1. Assuming 0.36 nm per residue, please report the length gained on full extension of the stretch Phe40 to Leu113 beyond their Cα-Cα distance.
2. What distance in nm separates the two pseudo spin-label positions at Ala65 and Asn96, each 7 Å out from Cα along the beta-carbon direction?
Amino acid sequence: MSVASSNRRRRAPLVNGAMHTAEFELQDGERSRVTGVLHFTTVTSLLSEGAAAIGNGRAAVIDLAGVKDSDSSGLALLIEWLSVARAQRRDLRYENVPAQLKQLARLSDVEELLTVS
């Protein structure tokens, strides 16, 4: 069950003929989730929503099971949210990190950032 939140689907311009969308959704307690495609056309709007949720204590755990695809800007988004959490002395942990994001993190030598609270 979702809690009233920023449940607005973000639509991005067509890239290679496909419309990319992504959504940040607050859930119960300190849990949130991200669904859709983390692409350079969708992450900008998600950044502020996630940062606000982290600052308000609503995103100590972000579930990424609904992420269908990502490019390196999706990885940059997750790292930026970690930076926001640290600056605000908040815990943040990612669950169900897709294999594609794990591989990007490994290739970028930042894999440990996605597995540490």
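1. 24.2 nm
2. Result for the modelled spin labels: 0.3 nm.
No lab work stands behind these numbers, since they all come straight from the coordinates. Everything numeric here is computed off the predicted structure, so don't read it as measured data. Note that each Cβ is placed from the backbone with ideal geometry, even for glycine, and that neighbours are counted across all protein chains shown.
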